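J.: This is the structure, below, for whatever I ask next.
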Amino acid sequence: MDMTDVNSTKIKINRPVASWLDYEFLMEEQKPVRSLTVILRTAGCQWRRCRMCGYWHESSAHITQADILAQLDYSLRASPKEDFILKLYTSGSFLDEREISATTRRHIARMLEQPQGKDIKIKKLVIETRPEYVSAAKIDDLLHIGHWHLEVAMGLETADDFIRLHYIDKGFSFADFKNAARLIADCGATVKTYLLLKPPFVSERSALEDVIKSAELVAPFSGVISLNLCNVQRYTPLEELWKRGYYRPPWLWSAVEAIRAIKQKKKHIVVMSDPVGAGHLRGPHNCGYCDTAVKEAIKEFNLTQDLNILEGLNCDCKDKWHTLMRCDEFLFGSTIE
Ligand code: SF4
Ligand SMILES: [Zn+2]
C-alpha cells in the first residue's frame, strides 16, 4: 500500500527504507563474511534532536507492526544463499517499543531462525539502539531463540560528555552508555560503538584527538568500533551551520589517521568506517583528486583489518591537512600527549 509521508513523497509502507548485500569482517573467522543490511521503516527515533541527524525523514507515523513484519519478509527474500551477517536497523532504536513492539520483536526473532530455508543461518545479528531502551528481557528475546551472535550497536559518538551534551545534543551520558554496555555483556551479547568524527563546533585536530581518546575509553566495552565520518544531512541544524560556512566535514586524512591510531592500539577490536558521502562537499573529503583512492582504501581496510592498506596513500593536499593540524594545535592546543 502506498502512503504519503511528512515530505509528501510516496513511500511503500510494506517495503524497507533500504536493503543491500555486502561483506563485513568477522573477527571470529578473521575474514569478510556476506552481510545483508535492512533498514526497516518505523515510527522513527523519538529523540530526534542530534544536530547532525536527518534519519527521521525515513520514518512514518502510519507504519503498523504488521507493515514492519512485511518489510522484513520482503527483505529476507533477497538474503544471501550462504550463512550471513544480518544488520537489522531502523532509523531509530530497534529496542524502543514505540518503534518495534515486544510482540513484533519476538516474531522477528522467530522469523530469523530460518531466514531462507533450513540450511542457511544467520551468524551474527546486529541491531542499533539508544542505551535507555536496553533491558535484559529485550536482549534475551533476541538471544536465546536463535543461534546467532547478537551485537548491539549504540551511537555514543564521543566519550566526552560535554561534546555529546552541548555540541551534539545526544541526551545521554557516557555513564548511561557504560551501564547499557555492561548489561548487554552480562546477557551474552557484544557491543558495537559508533564514534562520530568531527561533531559540530569542534576543530579538525580536536575532533581527531577526541575520536582517538574516545576509542581508548570505549574499547573495554566494545567488540567493534565504527567511526562515523560526519556528513551533512538535509534539514538538520548541522546543514544550517554548513551553509553559513561554520562547518566543514572531516578530511579523509583525519579518518585514515584515526583508523590507524585506534587499530594499532586495539588489534583485538574490529575497527571500521563506512565513508558515507566521501568525496562530496557534504561528506568527508580531501581535495577532490585523491578522495576516491582514500575512500576505496578505507573500504578495503574495513574488510581486511590490514593497516598496510592505508600505508602509502598520498596526495599534495596532505600537506594542507598537516598545516591545518599545526594551526589547530597552535590555536587550541593539544590534548594528546
Ligand atoms: S542520531 Fe540516533 S539518537 Fe540521535 S536523533 Fe538520530 S536516530 Fe535519534
Ligand atoms: Zn588530495
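J.: Just the accessible area per residue of the chain, please: how many Å² with a 1.4 Å probe?
T.: 45 Å²
J.: How long are the semi-axes of the equivalent ellipsoid of region 196-337, taking √(5λ) for every eigenvalue λ of the Cα gyration tensor, in whole Å from largest down?
T.: 22, 18, 16
J.: Roughly how tilted is helix 317-332, in degrees to the nearest 10 and between 0 and 90, from the longest Cα axis of the chain?
T.: 80 degrees
J.: Using only the alpha-carbon atoms, how far is helix 102-111 inclined from the longest principal axis of the chain? Give it as 0 to 90 degrees, nearest 10.
T.: 90 degrees
J.: From Cα pairs below 8 angstrom and at least 6 apart in sequence, can you work out the relative contact order of the chain, rounded to a whole percent?
T.: 13 percent
J.: Ok, one more. Skipping prolines and chain starts, which residues have an amide H placed within reach, meaning under 5 Å, of the one on Ala18, given they are 5 or more residues away or on another chain?
T.: Counting only residues 5 or more places away or on other chains, the set is Ile39.
J.: Given a 1.4 Å probe and every protein chain left where it sits, what share in percent of the accessible area of region 149-293 is carbon and sulfur?
T.: Working: 3040 of 5530 Å².
Its accessible area is 55 percent carbon and sulfur atoms.
J.: Note down the nm distance, to one decimal, between modelled labels 7 Å out along Cα→Cβ at Cys327 and at Lys267.
T.: 3.9 nm
J.: Using only Cα atoms, tell me the angle between helix 252-265 and the longest principal axis of the chain; keep it within 0 to 90° and round to the nearest 10.
T.: 80 degrees
J.: What number results when the radius of gyration of region 57-104, computed over Cα atoms, is divided by 2.2 N^0.38 Å?
T.: Against the empirical 2.2 N^0.38 Å value, I get 1.25 for region 57-104.
J.: With viscosity set to 1.002 mPa s at 20 °C, what whole-number translational diffusion coefficient in µm²/s follows for the chain from Stokes-Einstein and a Kirkwood radius over Cα pairs?
T.: My calculation gives 104 µm²/s for D.
J.: List every residue whose amide H lies under 5 Å from the amide H of Val232, counting only residues 5 or more places away in sequence or on a different chain, with H placed 1.01 Å from N in the peptide plane.
T.: Under 5 Å from the amide H of Val232 lie the amide H atoms of Gly283, each far enough along the sequence or on another chain.
J.: So, one more: Protein chains only, probe 1.4 Å: how do Ile225, Ile39 rank by accessible area, largest first?
T.: Largest accessible area first, the residues go Ile39, Ile225.
J.: Based on Cα coordinates alone, diagonalise the gyration tensor for region 20-176, multiply each eigenvalue by 5, take square roots, and list the semi-axes in whole Å, largest first.
T.: Working from the Cα gyration tensor, I get semi-axes of 27, 19, 15 Å.
J.: Could you order peptides 165-178, 21-34 by the average number of other Cβ atoms within 10 Å of their residues, highest first?
T.: Put in order of decreasing packing, that is 165-178, 21-34.
J.: Still on this structure: Can you tell me which of 127-140, 239-252 comes out highest on packing, and rank the rest after it, using the mean Cβ neighbours within 10 Å?
T.: Numbers: 127-140: 19.1, 239-252: 17.6.
Result, highest mean first: 127-140, 239-252.
J.: What is the set of long-range amide H partners of Val276 at a cut-off below 5 Å, with H atoms built 1.01 Å from backbone N?
T.: Leu229
The values are calculated or read from the model by the stated rules, or taken from the named source; none is laboratory data. Since this is a predicted model, take the numbers as computed values, not measurements. Note that each Cβ is placed from the backbone with ideal geometry, even for glycine, and that neighbours are counted across all protein chains shown. Each accessible area value is taken on the protein alone, full model and side chains, heavy atoms only, with ligands, DNA and RNA left out. Shrake-Rupley method; radii C 1.70, N 1.55, O 1.52, S 1.80 Å.
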